[in-house]
Structures are given as C-alpha cells and as structure tokens.
Amino acid sequence: MTEPPGWFKRALAEEPRQSTHEVEGTSINVLEWGDVGSPGLVLVHGGAAHARWWSHLAPMFSQQYHVTALDLSGHGDSGRRRRYSHEAWSREIVSVCETVGFDRPPVIVGHSLGGLVAIQTAATFGELLAGAIIVDSPVRRPDPESEEGTRGRAFRSPGVYPDLKSALTHFHLIPPQPEADPWIIDHVARHSLHETDEGWTWKFDANLFTHTMVPMNEQLASVKCRVAMLRGEHSVVVPQDTAEYMYELMGRVSPVVTIPEAHHHLILDQPLSFVTALRTLLADWQHSVPFERK
C-alpha cells in the first residue's frame, strides 16, 4: 500500500470523542469532533456502512462546527432492532442531536441511505434542522422495476472469515466502482468488521433492507427546511435524469451540485472535492436566505 497523504494522516490523528446513547431501547454509537457550542453538523453514513466512513473528513470541519457522526441502528457499533425504518432512524438522529447538546438547529449531511434518512428527518422534523444535504441518494420517478430490491439483497448474506486479513480481502463497494485510494478503503474496511465466535464478519445487520426499500418521493417534496444535493458525475445511483427529477421535487430552488470524476461513493473517491463543495454550501447557508417553495 502506498503512503497516505498528510491530510489523511492528520485527519485520523484527530480522534473523536466516543459515547453511547440509548434511543427507543437500542444503543446508538456516537462520534464527536470540535467544540460543544459550535454550530452542529451531523454526518449520516450509507447502508451497511458506519460512522467511521466520515472520520477522514469530519476533522476538516471541526474548527468551525461541532461535528457528530452516528452509527444508525443495525450498523457499526450500534445495537440492532427487530425492524428498521427511515422513520426510526430519523428519530435516532433527532435524539442524538438533543443528547450531544447543540444549542441551535444543526445541518444534517447524509450519504446514500443516510441521505434518504436525512430526507425523512427533514420532512418529519425539519423545524429542528438548519438544513439537509443529500449526498448521492436516489429518489426516482415511480417505477415498480426499481433496482432498490436488488441492491438490498446484495447485503443479506454477509460472509464469515477465519481472520481479519482474509476478511479484508472481501471488502468491496456496492454498487461496484473504481476503487478509492487504498488507505481510505483499508480504514473503512477495518472498522466494518468484528470478531465473533464463528470468525470475522461484517458489523451490519443482514436484515437492514427487509422493510426499508420504500419510495421517498413524498418526503422529498415535503421537506420542512432548506435542502441541497451533492452527486457524483459518474454515479450509477443518481444519474443525471434522477438528479433532474429530484430538483423538480425540491421545487427547483435547491442547489444540485455535481462532483467531477466522482462515483456513488464520492466521500471515498473524491474526498477533497466533496469537502470543498460542502464547505461552500455551508458558507453560503450561514448568510443567505433560502427561496420559499411555491
């Protein structure tokens, strides 16, 4: 593996504060960077991922923001539930926001599944948010042949491996795309695994997607706070026509920003471009007044 760049090593050296909070009977793992009292920035990972997908990015915002990333239930080091839903995950986010002590409404940023949860949170609890930023999360025109079911099935048979080294060789991104830099992949992969009595396996609950592949059209059209979207130029999850449809649902008044050369997992394959785009949106939102939807 080639040597990681300085920015990456500096980011991982800024170890977050870790805590656990109970939400509706399930423990939720929480990571925090930055000073309590700074504006809140909540980072929500994608499906079958975890909060440490953000740990190479969060420190780049910690000088200005109280950055918080959580493992949604069924993911990472959080507990599991008998049944999952966008509504339950959104309540976890709201509860964590209350627990960590934001003194003003935070901005929520969600990638992939996390973006859909951000949409749900903005639709249900939008008055508690300063904004929601959707990162390559698809809301498609109604289509019974949607690929969502197929994507969910891809996670339902997690393997078990005799040791960590062999387990790491089986980590791959879904949907497939050109790999990100190896030091980033190695970092998220190591935090995706844990040792059990049977061997090393993935932390996520294989039942995550049983009831959660649902349309989010109405929720996106009814968000109660300002909203924006970032997408990868080469994303197969949010192609241009899907982005245009989502722009319509958002009232044609919310920014849709395309990250050059990025794929679906743009927080891994184009991290610095993502940071630049997110910093720009946040800087604008600090002083601008949002358009009202018609």
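Computed from the coordinates by the stated procedures, all read-outs in this text should not be read as laboratory data. Because the structure is a prediction, the values reported are computed rather than measured. As a convention, Cβ positions derive from the backbone with ideal geometry for all residues, glycine included, and neighbour counts pool all protein chains shown.
Points worth noting:
- Each residue in 186, 284 was given a count of other beta-carbon atoms within 10 angstrom of its own, and listing them fewest first yields 284, 186.
- Once exposed loop GluC sites (Glu not before Pro) are cut out (DSSP; at most 10 other Cβ, 10 Å), longest piece of the chain: 1-144
- Residues 41, 249, 72, arranged from fewest to most other Cβ atoms within 10 angstrom of their Cβ, appear as 249, 41, 72.
- Spatially near lysine pairs across the chain, Cα under 29 Å, sequence gap of 8 or more or different chains: 4
- Extension gain (nm, one decimal) between residue 83 and residue 141, 0.36 nm per residue minus Cα-Cα: 18.3 nm
- Dividing the convex hull volume of the alpha carbon atoms of the chain by its residue count gives 126 Å³ per residue.
- Across the options 187, 11, 222, the greatest Cα extent toward the positive end of the charge dipole of the chain (unit charges at beta carbon of Lys, Arg, Asp, Glu) belongs to 222.
- Residue exposure sequence - 230, 70 - by fewest surrounding Cβ within 10 Å: 230, 70
- Residues residue 19 and residue 170, FRET efficiency given R0 of 25 Å [Cβ-Cβ distance, rounded to 0.05]: 0.25
- Equivalent-ellipsoid semi-axes of segment 1-89, from the Cα gyration tensor, Å, largest first: 25, 16, 10
- A cut-off under 10 angstrom between Cβ atoms defines the neighbours of residue 269, and their net charge, with Lys, Arg +1 and Asp, Glu -1, is -3.
- Each Lys and Arg adds +1 at its Cβ and each Asp and Glu adds -1 at its Cβ; summed about the Cα centre, the chain shows a dipole of about 420 debye.
- Centroid-to-centroid separation of segment 66-104 and segment 180-257 [C-alpha atoms, Å]: 16
- Summary of packing: across the peptides 162-174, 110-122, the per-residue average of other C-beta atoms within 10 Å ranks them, highest first, as 110-122, 162-174.
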